[in-house]
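Down below is the structure, laid out as structure tokens.
The values are calculated or read from the model by the stated rules, or taken from the named source; none is laboratory data. Here the structure is a predicted model, which is why all the values come from computation and not from measurement. So basically every Cβ, Gly included, is an ideal-geometry build from the backbone, and we count neighbours across all protein chains shown.
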Ligand SMILES: [Zn+2]
């Protein structure tokens, strides 16, 4: 089976009212800010020691390893973000900075290709003795992804060669005929190996990724065997009493019917499974992906496109268990879900996968980062009561304000590389067709029948449902434009060169237009009025409650626009949802208001915790802002689901 191709990042430029502030943040703020953090230059932020670890491993300075075992991956994710940024915004100085750090990485690499500062400093005799916790293969995967992105952006081979040398060592160490039957304790190297195969054409990388996936769940379980090894040393306390489902090694992947364990590990693995299904034409592997996708998106996903309901071990729990105020919903997990969904859409050509990709990108991925680009959410709750998020409570992991940096800093650089690669999410392109997946103002060059066609999209989405797409090419050529009709759009119109199309052809959720690609103008007019959404009644947490959405955006109430004790509010769902654009609020945003009531608190005597008295209500106007923007003003309560 074939995967529809993405448009290379250097062939697309985003100029969008909604996304621009974030895309600009990546280049102007996040990349330099994170560079300073990786180099421990910011006194207000906990030291990362990431570059220092490389200097020690390279023998440039003396010292001890500091940070989490997977600290190296922060640098790789930073390089990947820079690479995507360079693809659209060349910057010689930034490129020089990367070249210098690539020299350092090369110096830290061992003669046989091994590259990991934690084990190089700790003692190389311990390498590959604790795959369960050691994260060497995880870091290797991020290195490979960074190397591929940097090579594609600049054409430079050095980092790619470094990654290949390490990949060759990994393929040798874990090949079919070697004794080690190991596989990563945190999936990611599979994605890296597949990308390395895609740029080099070397099939042993692809084959190694397949082996890693096929081995999971084999008996005896590798992770239970490796702890008997003479050099095995436990790294993380929480891994005592190790649960095999934590890293999805409880069953062979084709027998896994539900999404289990650590959410980020799970979706990274499913993404690799989808790639492998396409590469090997493996129908049973694709079916396994579909089963897992459906389990997540039908039963285990929040309205914000976030996953991982439990703060304990950041994991999936059971069907419909979606608590709003003590969930984990890691930013990285939504990034992984978007990566998985995009691959499923590339393989099947079905738009339903993109409904989830869009939901995750617009809500949880964006809420992961502050509007100034300098602080981040790791955990993305749907309801917060700041005074209640305290150590040694069930909400210990929930932070009511974004944090500057974390000891375990996976999310911030992951958001940066995702925002920098946003262009890859907008279109698919294949022979004579273009798929439009997201509605983001941009200019792109695509290839139709071997001819270059420029596609320009202009829109104020998701605040406005009007989208204008124009095509331009020297010689006209016939082809297809496939426009995704999101699942939340019930009414819409399509125009070609000003004429409304009356007989719309829809296949797999895309509206198909046969076009002559020469100076044509296509207009889409979606009814994107705000709407009230309810949860499946099996989601016990949300029974009797509603959420407000507009297009893909989930809305929330914040204390700063309303009053404290947000759970005391009730919404009158028969009242009109009024919306208006406030240019001064949060850098300009669409606000939604409606009518409702609030439980009267002033009638209660402070000495009474319980009473038989009747509840009275007062009329209130409820004010909502987009969920991704919450927590950018005063610290306070926030809630997504409101009592109806
Ligand atoms: Zn993370």
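Summary table below
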item	result
Some residue of segment 391-404 being over 22 Å from residue 19 (Cβ atoms), within 16 Å of the ligand (Cβ to nearest atom) and within 17 Å of the chain's Cα centre (by Cα)	no
Test set (1) in a helix (DSSP H, G or I); (2) in contact with a helix residue (DSSP H, G or I) (Cβ under 6 Å, 6 or more places away or on another chain) - residue 211 fails condition number	(2)
Residue that is surrounded by the most Cβ atoms within 10 Å (Cβ to Cβ), among those in segment 334-353 that are farther than 18 Å from residue 376 by Cα and within 16 Å of the ligand (Cβ to nearest atom)	337
Lone qualifier among 581, 555 - being over 26 Å from residue 386 (Cβ atoms), part of a strand (DSSP E or B) and either in the same structural domain as residue 631 (by TED's automatic domain parsing) or over 24 Å from the mean Cα position of the chain (by Cα) (or both)	581
Residue count for segment 528-550, restricted to those that are in a loop (DSSP other than H, G, I, E, B) and in contact with a strand residue (DSSP E or B) (Cβ under 8 Å, 6 or more places away or on another chain)	6
Scope segment 386-424; condition in a helix (DSSP H, G or I) and surrounded by fewer than 23 Cβ atoms within 10 Å (Cβ to Cβ); matching residues	386, 387, 388, 424
Of the criteria (1) in contact with a strand residue (DSSP E or B) (Cβ under 6 Å, 6 or more places away or on another chain); (2) closer than 14 Å to residue 463 by Cα; (3) surrounded by 20 or more Cβ atoms within 10 Å (Cβ to Cβ), which one residue 557 fails	(2)
The listed residue being farther than 27 Å from residue 550 by Cβ and in contact (Cβ under 8 Å) with a residue 40 or more places away in the chain, out of 517, 538	517
Verdict on residue 504 being modelled with pLDDT of 95 or more and either crowded, with 19+ Cβ neighbours inside 10 Å or more than 26 Å from the chain's Cα centre (by Cα) (or both)	no
Segments classed as helices (runs of 4 or more DSSP H), wholly inside segment 6-91, with at least 2 members that are over 30 Å from residue 236 (Cβ atoms) and in contact (Cβ under 8 Å) with a residue 40 or more places away in the chain	20-25, 72-88
Qualifying residues in segment 291-333 (those that are assigned to a helix (DSSP H, G or I) and over 16 Å from the mean Cα position of the chain (by Cα)) - the one nearest to the ligand (Cβ to nearest atom)	292
Pair list, Cβ under 8 Å, 6 or more apart: segment 322-343 residue without any contact (Cβ under 8 Å) to a residue 12 or more places away in the chain, other residue near the ligand (Cβ under 10 Å from one of its atoms)	none
Residue among 277, 259 that is in a helix (DSSP H, G or I) and surrounded by 22 or more Cβ atoms within 10 Å (Cβ to Cβ)	277
Of all residues making up segment 236-250, the number that are surrounded by 15 or more Cβ atoms within 10 Å (Cβ to Cβ) and not in a helix (DSSP H, G or I)	4
Per-region count, segment 16-30, residues within 22 Å of residue 459 (Cβ to Cβ) and in contact with a helix residue (DSSP H, G or I) (Cβ under 9 Å, 6 or more places away or on another chain)	8
Filter result for residue 540 (assigned by TED's automatic domain parsing to the domain that holds residue 578, at pLDDT 95 or above and exposed (fewer than 15 other Cβ atoms within 10 Å of the Cβ))	yes
Qualifying residue in segment 459-477 (condition: touching a helix residue (DSSP H, G or I) at 6+ places or on another chain (Cβ under 6 Å), at pLDDT below 95 and not in a loop (DSSP other than H, G, I, E, B))	no
Qualifying residue in segment 41-55 (condition: in contact with a helix residue (DSSP H, G or I) (Cβ under 8 Å, 6 or more places away or on another chain), surrounded by fewer than 17 Cβ atoms within 10 Å (Cβ to Cβ) and more than 25 Å from residue 103 (Cα to Cα))	no
Per-region count, segment 589-616, residues in contact with a strand residue (DSSP E or B) (Cβ under 7 Å, 6 or more places away or on another chain) and either in a loop (DSSP other than H, G, I, E, B) or closer than 19 Å to residue 644 by Cβ (or both)	10
